[in-house]
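Enquirer: Please read through the structure below; I'll follow up with questions.
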Protein chains: 2
Amino acid sequence: MLPAGIVKMVADGTAFLRWRVEPVSPVDALSERLLRRGDAAIIDFGRHLTGHFSFSIAGEGRGVDAPARLKLTFGEVPAEVAEPLDPYRGGLSRAWLQDEVINIDVLPAVVEMPRRYAFRYVKLEIVDTSPNYAVRIARIKATALSSAGADPPLLPETVPARLRQIDKVSIATLRDCMQTVFEDGPKRDRRLWIGDLRLQALTNYATFRNNDLVKRCLYLFAAFPREDGLLPACVFEDPEAHRGHEYIIDYAALYAAAVLDYAKATGDWNTANDLWPAVRKQMELLSAYVGPDGVFAAPPRSWVFIDWCDALDRAVAINGVFVFSLRRAAELARHCGAEDDAVKYEQLIARMTAAARSVFYDSSRKVFVSGPKRQVSWASQAWMTLSGIATNEEAAQAFHAVAAQADAVRPGAPYLYHYVAEAMLQCGLKQEAKQLVETYWGGMVKAGADTFWEVYDPSNAGLSPYGSTLVNSYCHAWSCTPAYLLRSLDLAGK
Amino acid sequence: MLPAGIVKMVADGTAFLRWRVEPVSPVDALSERLLRRGDAAIIDFGRHLTGHFSFSIAGEGRGVDAPARLKLTFGEVPAEVAEPLDPYRGGLSRAWLQDEVINIDVLPAVVEMPRRYAFRYVKLEIVDTSPNYAVRIARIKATALSSAGADPPLLPETVPARLRQIDKVSIATLRDCMQTVFEDGPKRDRRLWIGDLRLQALTNYATFRNNDLVKRCLYLFAAFPREDGLLPACVFEDPEAHRGHEYIIDYAALYAAAVLDYAKATGDWNTANDLWPAVRKQMELLSAYVGPDGVFAAPPRSWVFIDWCDALDRAVAINGVFVFSLRRAAELARHCGAEDDAVKYEQLIARMTAAARSVFYDSSRKVFVSGPKRQVSWASQAWMTLSGIATNEEAAQAFHAVAAQADAVRPGAPYLYHYVAEAMLQCGLKQEAKQLVETYWGGMVKAGADTFWEVYDPSNAGLSPYGSTLVNSYCHAWSCTPAYLLRSLDLAGK
């Protein structure tokens, strides 16, 4: 890929993270300049990509008598190349920030940066040449990597333009996360998580249909269970495939859904059969947390994710996730000839449903409430809906109720926004779902997103779960689902 | 090569550049530690080397879930790894400072730094790992590069220990500068200069005797003359061999001496014959600057080097250098069957000698004086001696006179110190020459030099021709000559 041009970043309090992009010149203008100590340029590739970067560099002057030292900074969004990266105050590794200092001993040279980056912008800074020469930089090129294959057909023009734009950004997000696995974010973490995988796979079935990649990922989880059989929340591929150290209860449960989704999308029930024991094991292990009262209670110190939101009481949501997963496990069990298991799951679903309705549903307020403080949250309503614990009518009422309640705990990140939108569609709130997608994902598009972000709070642009927006990921798997909502769930329909 | 240990640098106003080395632990103790954000260690290889550096790095902890970012700083002397390199205020390229920032995506890894460095010390700084793991560094190794071959025999124990130590450091300096050419400094510039080459070659004949390397270097100059035939002061090898942009009059003249030295040391008169036209051309071009008065006057804006010393009036010294070179050219001419040229040079030598004695010699003060201000300098006396313009008796008187004159311009760098010492030996001042070597080069040894430095002023440790001692070279070709003075010129003799 060739650059789209040279740009500059302009401080702008109204822009996302306070930086606006302005065009400066065509890229050829850069090659016409001689650059020396302190010179810099920001290259814009016109779209987000995951891949490699290269350029040629030549020295011109009285004599090329010293190495050239350059700094390169790769950014998914303008702020990453506009702000100094140091001192860095984030909680995650500084090494995720995409900057390199290189020394080039012999000029002219073609420099092929060996690492992979996720970027749209590249800031090139000439730290130094020597007093006797300047450098000319040319043949700037990026090589975009993806296992996605050709783009799917565009949505028909009958779909409103703003939704078609959201669809495009969704697809770009998924494309740049599809590598040798479905990565969560190509800039940061770059690994396979069950929660992200399920949403990516659903979107993939509606778009790229690289189903072998889903299959590979499902097997990667099944291959590396914990000693007791619980699947890890994530898997690393390098230096050889191995499980991550995190275990997330809702992710382990949702593996059942991911396998069933795959089998239904592809017809590959052989693989489903092969993976069935792993699904069965998750259900067995997690069923142990359902108490005599029929309520799932996660053990102390376990990780129930649901959403990036510290304030969220997760008791209701995790019951919803587990019932949702049990339903899929039961369907899978019947396909795999495990009738006894299917029956067992259905009995558990019935028991948990009754319990959840009795314990969590506040029939006066028409919402599900979670925890000792009877917290009202979007997460609770979404998972009570998706699990089928709430009737569609109750679900619709509940969503109207939380929408009217200012202190209801809102979703913190796109992952939960997806399940809220899906739940709204399920209970017939199509207009509300469409509005949610238009305001939330559409809000990112309006703020300039080429790919959807890991975290986005319309009321707090500076949000980071890691103490620095510079280390947030701006192309993140779990945000790619509008294309699925539009294409598979007919979000744009009447 | 394996490290000698882990050290720390301690601020010490009495130490060279204000940093003293103190041992911390054996190197194995480093591998026993887990390192994380902010940790650092300085590795000491126990001696200077030119070459490569490698280490293994593994992650340990809950999960190796992010790249590791390290900073490596290579130092020839303690200050380079003890002081921050930025903000850098030197005049030469910042790229010469030997620091790298690296990001390692996959752990464990063996990291082989691809560039070559000149160093004894390596500071390893862990910029970051992740909150979930720390790194263990092991298998630290350096690969020393040199074309010098095996070390020459040690000087006999009858030579005083301090001189034997100076000899060792000289040899180490030459060894680490001998690569595919005789480099001026393996840390910085890394190129072939005529002035350095001649002194390195002389020392090489007395030590390593890699005579093919000298031959290669002599041809490299002859291959890349300026359009008019003048030889460049330096040659670059990469990306393909080409001449530098600098022309130094005294260096062009001394090419004659370098060729004759080579032929006499090796008996390879075929090569001398082959290079004779290049020598002849230098004499022809430079003779044009000898005026009707028999005085050599460098053209305006030309570069007469002689020494790193702004205050030096170079008029006398350049006349000495040219006569010195003409003598060698005449000897070479006779060997090459160019009798006419030899006669011509000898006539010119006689004319210039008479003129210099008449114009530059102050018979009342018994010194040669240079320029309109009648400047007295060590440089002038040295080159009047080496050229044979001064008689040995006059030369000895002159050296005694400058030694007694507080405002006589002293040498600024080892290159001229060498010619002063050689001139002293030539005129019979062996004790003075020995004392000079013991105080000047011996002063570097006392200050901790493993290899001799590019610049050293005993009265001004912070001297740098480039505005920063951090960019000075601390293993520099033109400082390697004590081994030649001791071994070929019998400096240590009675």
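Enquirer: Can you name the residue in segment B:107-160 that is charged (D, E, K, R) and within 11 Å of chain A (Cβ to nearest Cβ) and is also farthest from the chain's Cα centre (by Cα) among such residues?
Expert: The qualifying residue farthest from the chain's Cα centre (by Cα) is B:D128.
Enquirer: Across segment B:448-462, which residue is farthest from the chain's Cα centre (by Cα) among those that are free of Cβ contacts under 8 Å to residues at least 24 places away in the same chain and closer than 14 Å to B:L17 by Cβ?
Expert: B:N460
Enquirer: What is the one condition in (1) modelled with pLDDT of 95 or more; (2) charged (D, E, K, R); (3) in a loop (DSSP other than H, G, I, E, B) that A:D310 does not satisfy?
Expert: Answer for A:D310: the failing condition is (1).
Enquirer: Could you list, in sequence order, all residues of segment B:173-183 that are within 14 Å of chain A (Cβ to nearest Cβ) and surrounded by 24 or more Cβ atoms within 10 Å (Cβ to Cβ)?
Expert: Residue satisfying the conditions is B:E183 alone.
Enquirer: Of everything in segment B:16-55 that's small (G, A, S) and surrounded by fewer than 18 Cβ atoms within 10 Å (Cβ to Cβ), which residue is nearest to B:V110 (Cα to Cα)?
Expert: Ranking the qualifying residues of segment B:16-55, first place goes to B:S54.
Enquirer: Among the listed residues B:T180, B:T143, B:T158, identify the single one that is in contact with a His (Cβ under 7 Å, 6 or more places away or on another chain) and among the polar types (S, T, N, Q).
Expert: Details: B:T180 fails: in contact with a His (Cβ under 7 Å, 6 or more places away or on another chain); B:T158 fails: in contact with a His (Cβ under 7 Å, 6 or more places away or on another chain).
Sole residue among the options that is in contact with a His (Cβ under 7 Å, 6 or more places away or on another chain) and among the polar types (S, T, N, Q): B:T143.
Enquirer: I would also like to ask the following. Within segment A:231-249, can one find any residue that is touching a Lys or Arg at 6+ places or on another chain (Cβ under 7 Å), in the same structural domain as A:W383 (by TED's automatic domain parsing), part of a helix (DSSP H, G or I) and on the phi < 0 side of the Ramachandran plot?
Expert: Checking segment A:231-249: not a single residue is touching a Lys or Arg at 6+ places or on another chain (Cβ under 7 Å), in the same structural domain as A:W383 (by TED's automatic domain parsing), part of a helix (DSSP H, G or I) and on the phi < 0 side of the Ramachandran plot.
Enquirer: Further question: Just to be sure I understand, how many residues within segment B:387-401 are surrounded by 23 or more Cβ atoms within 10 Å (Cβ to Cβ) and either outside the structural domain of B:A317 (by TED's automatic domain parsing) or over 17 Å from B:K434 (Cα atoms) (or both)?
Expert: 4
Enquirer: Still on this structure, I have one more. If I go through segment B:74-86 residue by residue, how many of them are in contact (Cβ under 8 Å) with a residue 40 or more places away in the chain and away from every other protein chain (no Cβ under 12 Å)?
Expert: Step one: filter segment B:74-86 for residues in contact (Cβ under 8 Å) with a residue 40 or more places away in the chain, giving B:74-83, B:85.
Narrowing the set further to residues that are away from every other protein chain (no Cβ under 12 Å) leaves B:75-83.
Residues flagged as in contact (Cβ under 8 Å) with a residue 40 or more places away in the chain and away from every other protein chain (no Cβ under 12 Å) within segment B:74-86 amount to 9.
Enquirer: While we're here: Could you tell me which of the residues B:R69, B:R115, B:R120, B:R136 is of a type outside the set (A, V, I, L, M, F, W, C), under 30 Å from B:N211 (Cβ atoms) and in a strand (DSSP E or B)?
Expert: One residue alone meets the criteria, B:R120.
Enquirer: Follow-up. Looking only at segment A:370-386, count how many residues are surrounded by fewer than 20 Cβ atoms within 10 Å (Cβ to Cβ) and of a type in the set (A, V, I, L, M). Before the answer, list the steps.
Expert: Restricting attention to segment A:370-386, the residues satisfying the condition of being surrounded by fewer than 20 Cβ atoms within 10 Å (Cβ to Cβ) are A:371-374.
With the extra rule that they be of a type in the set (A, V, I, L, M), the set shrinks to none.
Residues flagged as surrounded by fewer than 20 Cβ atoms within 10 Å (Cβ to Cβ) and of a type in the set (A, V, I, L, M) within segment A:370-386 amount to 0.
Enquirer: Being within 8 Å of chain B (Cβ to nearest Cβ) and farther than 30 Å from B:G185 by Cβ narrows it down to one of A:R94, A:R89, so name that one.
Expert: Criteria check complete, one pass: A:R94.
Enquirer: Further question on the same structure: Exactly one of (1) of a type in the set (A, V, I, L, M, F, W, C); (2) in contact with a Ser or Thr (Cβ under 6 Å, 6 or more places away or on another chain); (3) closer than 21 Å to A:A66 by Cβ is unmet by B:F74. Its number?
Expert: Unmet for B:F74, out of (1) of a type in the set (A, V, I, L, M, F, W, C); (2) in contact with a Ser or Thr (Cβ under 6 Å, 6 or more places away or on another chain); (3) closer than 21 Å to A:A66 by Cβ: (2).
Enquirer: Here is a follow-up. Being touching a Gly at 6+ places or on another chain (Cβ under 8 Å) and surrounded by fewer than 24 Cβ atoms within 10 Å (Cβ to Cβ) is the filter; apply it to segment B:234-253 and report the residue that is nearest to the other protein chains (Cβ to nearest Cβ).
Expert: B:H245
Enquirer: Another question, if that's okay. In the same structural domain as B:R136 (by TED's automatic domain parsing) and either under 23 Å from B:P114 (Cβ atoms) or aromatic (F, W, Y) (or both): is that true of B:R69 in this structure?
Expert: yes
Enquirer: Look through B:V127, B:V122 and report the one residue that is β-branched (V, I, T), over 21 Å from B:R20 (Cβ atoms) and in the same structural domain as B:I42 (by TED's automatic domain parsing).
Expert: Values: B:V122 fails: over 21 Å from B:R20 (Cβ atoms).
Being β-branched (V, I, T), over 21 Å from B:R20 (Cβ atoms) and in the same structural domain as B:I42 (by TED's automatic domain parsing) holds for just one of B:V127, B:V122, which is B:V127.
Enquirer: Test A:A148 against the stated conditions and say whether it is buried (at least 18 other Cβ atoms within 10 Å of the Cβ) and within 22 Å of A:A15 (Cβ to Cβ).
Expert: no
Enquirer: Something else now. Which of the residues that make up segment B:285-303 are over 20 Å from B:F360 (Cβ atoms) and under 29 Å from the mean Cα position of the chain (by Cα)?
Expert: Hits for segment B:285-303 are B:L285, B:P300, B:R301, B:W303.
Enquirer: Taking segment A:97-106 as the search range and keeping residues that are closer than 23 Å to B:R188 by Cβ and in a loop (DSSP other than H, G, I, E, B), which one is nearest to the other protein chains (Cβ to nearest Cβ)?
Expert: A:V106
Enquirer: Would you mind stating whether A:L85 is crowded, with 16+ Cβ neighbours inside 10 Å and in a loop (DSSP other than H, G, I, E, B)?
Expert: Against the criterion (crowded, with 16+ Cβ neighbours inside 10 Å and in a loop (DSSP other than H, G, I, E, B)), A:L85 qualifies.
Enquirer: Would you call B:R37 part of a loop (DSSP other than H, G, I, E, B), modelled with pLDDT of 95 or more and within 14 Å of chain A (Cβ to nearest Cβ)? Walk me through it before giving the result.
Expert: Numbers: part of a loop (DSSP other than H, G, I, E, B): yes; modelled with pLDDT of 95 or more: yes; within 14 Å of chain A (Cβ to nearest Cβ): yes.
Criteria met by B:R37.
One line per residue, one yes/no per condition, for (1) under 28 Å from A:G442 (Cβ atoms); (2) in a loop (DSSP other than H, G, I, E, B); (3) more than 14 Å from every other protein chain (Cβ to nearest Cβ); (4) out of contact with any His (no Cβ under 6 Å at 6 or more places or on another chain):
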| residue | (1), (2), (3), (4) |
| --- | --- |
| A:D167 | yes, no, yes, yes |
| A:I171 | yes, no, yes, yes |
| A:R190 | yes, yes, no, yes |
| A:G195 | yes, no, yes, yes |
| A:R209 | yes, yes, yes, yes |
| A:K215 | no, no, yes, yes |
| A:E227 | no, yes, yes, yes |
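The values are calculated or read from the model by the stated rules, or taken from the named source; none is laboratory data. Worth saying up front: this structure is predicted, and the values here are computed from it rather than measured. Neighbour counts run over all protein chains shown; Cβ positions are idealised from the backbone, glycine included.
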